[in-house]
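Peer 1: Before I ask anything, here is the structure I am working with.
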Amino acid sequence: MTNAPLIRLGTRRSPLAMAQAHETRARLCAAHGLDESAVELVPVVAGGDKVQDRPLADVGGKALWTRELDAWLAEGKIDAAVHSLKDVETIRPDFITLAAILPRADRRDVLLGAASIASIPQGARLGTSAPRRASQMKNLRPDIEVVLFRGNVATRMAKLQAGEADVTLLAAAGLERLGEAGVGSVLDVETWLPAPSQGAIGIECRTEDARTRDLLTAIDHPRTRAEVLAERTLLEALGGSCQSPIGLLALADAERIRLNAALFSADGAERVDGAVEVAPGDAGAIAAFAADLLARATPGIAVLFSGAS
Ligand SMILES: NCc1[nH]cc(CCC(=O)O)c1CC(=O)O
């Protein structure tokens with residue numbers, strides 16, 4: 001007779017999502033002294049995976065990456081769901097709790113196809129579908145043309161190889177998790193801001209499911225949680241989403257969290273920068289920082305950020 005698994009972990013099916021699910025399983029097994037068979041991986045097809053030919057911002061409807069996993073959680077088909085937190089909306093249903101955030105991987109972006117932003121040839125084509133990457137590049141290099149690049153990490157690398165663009169940008173964390181660490185040029189956070197939550201894996205469960213929550217609490221990483229929650233609180237206070245042209249970086253030590261932010265207009269011509277230091281959990285200070293950024297926003301930026309509603 002086989003034993004029922006202790007916990008069923010829902011995940012998307014992409015190679016990156018599966019790698020993140022395997023990392024989660026390994027951490028759960030190590031924390032609780034479990035055999036691999038105690039943690040069952042349950043792959044689910046997410047809505048965003050079905051659309052490959054349009055920018056996600058145009059597909060409409062929110063929760064492109066979370067809807068299916070949320071439904072499976074609600075129906076009890078899985079006990080927990082593993083996500084790239086970068087792709088998860090800041091406002092989540094009450095029945096769901098973000099029970100664990102794993103230690104953050106490299107949060108920086110990697111440039112493929114050129115050694116640095118300065119050395120990209122004049123008028124080159126950047127393949128990306130991320131408004132943050134497109135607008136930040138146009139801000140630094142107005143001569144560069146942006147072409148639509150969708151699909152998973154391997155697809156985008158293949159499109160670059162095939163010459164559909166001259167350069168592309170990918171998350172170092174994703175490349176690392178896929179065994180591709182070392183390709184391209186890592187962009188320093190002083191010159192290039194990553195996305196809110198980039199490099200962080202979050203595991204959600206049903207709020208009422210105390211047993212699963214306890215299992216997950218053991219693999220939570222408090223410093224990553226402090227940084228990621230600060231970034232997500234700021235994103236929410238700005239009325240932004242994972243499709244907003246915003247670069248964000250929180251760095252936490254034991255007492256303080258330093259936040260750097262840059263907001264862009266869609267064409268990259270406008271930019272507002274800000275930095276602040278807050279105490280962990282001080283949502284009021286983050287809201288004040290958001291209000292300051294919005295007060296300084298030029299028209300092309302203001303139109304993209306609605307502020308907290
Ligand atoms: N938008 C897709 C996505 N979501 C999370 C990652 C990478 C892993 C991470 O940031 O945690 C990626 C790929 C990329 O942006 O290159």
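Peer 1: Run Ser197 past the list (1) in a loop (DSSP other than H, G, I, E, B); (2) within 11 Å of the ligand (Cβ to nearest atom); (3) over 19 Å from Met18 (Cα atoms) and report the number of the one that doesn't hold.
Peer 2: Result: Ser197 fails condition (3) only.
Peer 1: Moving on. It is to be established whether one or more residues within region 197-204 are small (Gly, Ala, Ser) and surrounded by fewer than 24 Cβ atoms within 10 Å (Cβ to Cβ).
Peer 2: No: region 197-204 contains no residue that is small (Gly, Ala, Ser) and surrounded by fewer than 24 Cβ atoms within 10 Å (Cβ to Cβ).
Peer 1: Test of understanding: among Arg211, Arg206, Arg177, Arg223, which residue is over 30 Å from Asp267 (Cβ atoms), near the ligand (Cβ under 10 Å from one of its atoms) and among the basic types (Lys, Arg)?
Peer 2: Only one candidate qualifies: Arg177.
Peer 1: Taking into account only those residues within region 161-185 that are in contact with a Phe, Trp or Tyr (Cβ under 8 Å, 6 or more places away or on another chain) and not in a strand (DSSP E or B), which is surrounded by the fewest Cβ atoms within 10 Å (Cβ to Cβ)?
Peer 2: Looking at residues that are in contact with a Phe, Trp or Tyr (Cβ under 8 Å, 6 or more places away or on another chain) and not in a strand (DSSP E or B), I get Glu164.
Peer 1: Oh, and also: Going by the structure shown, is Leu216 touching a residue at least 12 places away in the same chain (Cβ under 8 Å) and part of a strand (DSSP E or B)?
Peer 2: Judged against the criteria, Leu216 is not a match.
Peer 1: Does Ala250 meet the test of being over 14 Å from Leu85 (Cα atoms), crowded, with 22+ Cβ neighbours inside 10 Å and without any contact (Cβ under 8 Å) to a residue 40 or more places away in the chain?
Peer 2: yes
Peer 1: Next question, about the same structure. What are the pairs with Cβ atoms under 8 angstrom where one residue, in region 14-41, is surrounded by fewer than 17 Cβ atoms within 10 Å (Cβ to Cβ) and the other, located anywhere, is of a type in the set (Gly, Ala, Ser) and at pLDDT below 95? Sequence gap at least six, or different chains.
Peer 2: Hits for this filter: Pro15/Ala154.
The values are calculated or read from the model by the stated rules, or taken from the named source; none is laboratory data. None of these values were measured; they are calculated from a predicted model. Virtual Cβ from ideal backbone geometry, glycine too; neighbours counted across all protein chains shown.
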